[in-house]
Amino acid sequence: MKNQIPNAITTLSLILSCLAITLTFEGRLDIAAYLLTVSLACDYFDGFTARVLKVKNPIGKELDSLVDMVAFGVAPGMLLYQHLKILQATPEHAVQFLTNYPWLLYITFLIPILSAFRLAKFNIDTRQTVSFIGLAVPAHAAFYIFSVLIYQLPDLPQIISVNQFVVPIVSNPLVMLIMCVLLSFMLVAEVPMFSLKVKQLKWKGNELPFSFIILWLLLFIFTSIVAMPTIVIIYCIFSIVHHYFFNKKTLETA
């Protein structure tokens, strides 16, 4: 029975992401983003549960990859597409260039397309046992999910108010499309990126993930959900700078 607990959590993620896609096209982007946030939590806890219960299930590994494609490939792609479509229909946010070329909104399809390549590559790449090559699909999806939530919830209380700077960014369709292109190609970039999942609660050997978790917590305390897309950008920039300017060896965590 315990062998099926991680698979049940993964299946819950699939159900939530299917509901999120449906709600996205019904215009309930806030609820869709909430559901995908829970899917992100499920993605962490299915693996965590498997490790705690010492479950090794080959079906679970394949199921996790397939569900990730829906939950963090298709669903955020559709969420961003609908978000930008709604913005373009709003006079104060519409970008004339995109009004002239509305087909450019289909650039958001890069999210599911390159997520599929990223997941396929991860499944056969023996270099990615304890670290990643390229941005992980759930982290990539988190950027769009929380960017949409920031737009939907601009009045969330913050110790340090940053919404006056952030909301104009997430409500600009052209800027979000550019971010979509840059981050989507980070999925398949040959850039080593350390994993934020730790196997043991020891500082030694986990300095990088623990440091980023602490940074994320501080950002969350001071800026609320703005911390989520912000930490993804910091994570990408750090990995690129570290790889190309300081260390060309693959980043690994114990």
Among LYS2/LYS61; LYS61/LYS204; LYS54/LYS204; LYS85/LYS121, which pairs are too far apart, with a Cα-Cα distance over 26 Å? LYS61/LYS204; LYS85/LYS121
Calculated over the range 14-123: convex hull of Cα atoms, volume per residue (Å³): 99 Å³
If you put +1 on each Lys and Arg Cβ and -1 on each Asp and Glu Cβ, how big is the dipole of the range 1-138 around its Cα centre, in Debye rounded to 20? 480 debye
Mean Cα-pair separation over length for the chain, i.e. relative contact order, pairs under 8 Å, 6 or more apart, %: 20 percent
Quote the relative contact order of the range 1-92 in percent (integer), defining contacts as alpha-carbon pairs under 8 Å separated by 6+ residues. 41 percent
For TRP103 and ILE178 in one chain, what is 0.36 nm times their gap in residues minus the Cα-Cα distance, to one decimal in nm? 25.5 nm
Relative contact order (percent) for the range 139-217, with alpha-carbon contacts under 8 angstrom and 6 or more residues of separation? 22 percent
Å² of accessible area per residue within the range 86-132, as computed with a 1.4 Å probe and no ligands counted: 60 Å²
Show HIS242, HIS83 ordered by accessible area, largest first, where the area counts protein heavy atoms only and the probe is 1.4 Å. HIS242, HIS83
Please report the carbon-and-sulfur percent of the accessible area for the range 53-139; probe 1.4 Å, protein heavy atoms only, DNA, RNA and ligands left out. 69 percent
So what's the net charge close to ILE111: Lys and Arg +1, Asp and Glu -1, counting the other residues with Cβ under 14 Å from its Cβ? 0
Work out how much length THR22 to GLU92 would gain on full extension: take 0.36 nm times their residue separation and subtract the Cα-Cα distance, in nm to one decimal. 22.5 nm
GNM of the chain, Cα pairs under 10 angstrom: of PHE72, PHE194, PHE97, the biggest fluctuation goes to PHE97
Once you have the Cα-Cα distance between ASP30 and LEU218, take 0.36 nm times their residue separation minus that, and quote the gain in nm to one decimal. 65.2 nm
The simple spin-label model distance between VAL167 and PHE210, using points 7 Å out along Cα→Cβ, in nm, is 3.9 nm
At a Förster distance of 25 Å, what's the computed FRET efficiency of ILE160 paired with VAL241, Cβ-Cβ distance as r, to 0.05? 0.50
Whole-percent tail of the Cα-Cα distance distribution for the chain, cut at 23 Å, equals 52 percent
Lys, Arg +1 and Asp, Glu -1 on Cβ, resulting dipole of the chain about Cα centre, debye, nearest 20: 880 debye
Most fluctuating residue of VAL166, VAL137, VAL226 in a GNM of the chain with Cα springs under 10 Å: which is it? VAL166
Charge dipole (the range 112-240, unit charges on Cβ, about Cα centre) - positive-most of ILE233, LEU182, THR126: THR126
In the Gaussian network model of the chain, springs joining C-alpha atoms below 10 Å, which of GLN82, GLN164, GLN152 carries the largest mean-square fluctuation? GLN164
Can you compute the modelled spin-label distance between THR11 and LYS61, with each label point 7 Å from Cα toward Cβ, in nm? 2.2 nm
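The values are calculated or read from the model by the stated rules, or taken from the named source; none is laboratory data. Model, not experiment: these values are computed from the prediction. All Cβ positions, even for glycine, are placed from backbone atoms using ideal geometry, and neighbour counts span all protein chains on display. The protein model used for the area step is the full one, side chains on, heavy atoms only, and it has no ligands, DNA or RNA in it. Shrake-Rupley method; radii C 1.70, N 1.55, O 1.52, S 1.80 Å.
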